[in-house]
Amino acid sequence: RAGGLLPTAYAGGARFFRARDQAGRVNLDLEGIVAAPGEREDIALQPGDVLEVPEFMPTVRVEGAVNAPGSVLYREGAGLDYYVANAGGYSRSADKGRVSVRYANGSAATVSGFLFFRSVPRPGPGSAVVVPAKPEREPLNVTALLGNVAQIVAGTVAIVVIAVR
């Protein structure tokens, strides 16, 4: 009805919002809907619906606990490590187990895994890679530690002396 997509449009980054019943953002595959209209994923529009189709953005933003946050040119097939490496690599404070990718369409995926099985999201054009920092730990208080150890040793010695007598 709107005349189709412009050549500069990025259907993979389309965001669909449904106001009715407070549904909010609804994930949809606009590329698939345009390729095969009338199929199951081709949802009927309702009053108040909003469809935003962004212009193709050939970059991936890398932010958070990396050495040089910024945008990296999108490269077809490149994985998460490619984008982090091109942003200077992980900083010392990076929490590599909680890295997430926010896609252009608003959806998100996080690095997950158990033992040897690991799932790593693959950024697309217009995505943002977010590398969180590890929570800061309090520095070790050596004086307090030595005081606690001394109390434990003194208590143990007292118990041994009483038990021997």
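The values are calculated or read from the model by the stated rules, or taken from the named source; none is laboratory data. Predicted, not measured: the structure shown is a model, and the values here were computed from it. Don't worry about glycine lacking a Cβ; one is built from the backbone with ideal geometry, like all the others, and counts go over all protein chains shown. Ligands, DNA and RNA are stripped out before the accessible areas are found, and what is left, the full protein with its side chains, is counted by its heavy atoms. Shrake-Rupley method; radii C 1.70, N 1.55, O 1.52, S 1.80 Å.
Beta carbons closer than 8 Å, at least 6 apart along the sequence or on distinct chains, never pair a first residue in region 114-128 that is basic (Lys, Arg) with a second that is open to solvent by 60 Å² or more (accessible area, probe 1.4 Å) and assigned to a loop (DSSP other than H, G, I, E, B).
For region 96-108, filtered to residues that are open to solvent by 30 Å² or more (accessible area, probe 1.4 Å) and of a type in the set (Gly, Ala, Ser), the residue that is modelled with the highest pLDDT is Ala108. Taken together, the criteria exclude Gly147 from residues that are surrounded by 10 or more Cβ atoms within 10 Å (Cβ to Cβ), on the phi > 0 side of the Ramachandran plot and not acidic (Asp, Glu).
Take the conditions (1) part of a loop (DSSP other than H, G, I, E, B); (2) surrounded by 12 or more Cβ atoms within 10 Å (Cβ to Cβ); (3) touching an Asp or Glu at 6+ places or on another chain (Cβ under 9 Å); Pro135 misses just one of them, which is (2). Among residues of region 97-118 being among the small types (Gly, Ala, Ser) and either more than 13 Å from the chain's Cα centre (by Cα) or not in a strand (DSSP E or B) (or both), the one that is nearest to Phe16 (Cα to Cα) is Gly106.
Taking region 31-71 as the range and being of a type in the set (A, V, I, L, M, F, W, C) and within 12 Å of Ser127 (Cα to Cα) as the test, the residues that pass are Phe56, Met57, Val60, Val62. Taken together, the residues in region 51-80 that are farther than 16 Å from Gly12 by Cα and out of contact with any Ser or Thr (no Cβ under 8 Å at 6 or more places or on another chain) amount to 8.
Evaluation of Ala36 against the conditions (1) farther than 22 Å from Gly106 by Cβ; (2) under 25 Å from the mean Cα position of the chain (by Cα) shows that the sole unmet condition is (2). When Pro125 is tested against (1) open to solvent by 30 Å² or more (accessible area, probe 1.4 Å); (2) within 28 Å of Leu28 (Cα to Cα); (3) of a type outside the set (Ser, Thr, Tyr), exactly one condition is not met: (1).
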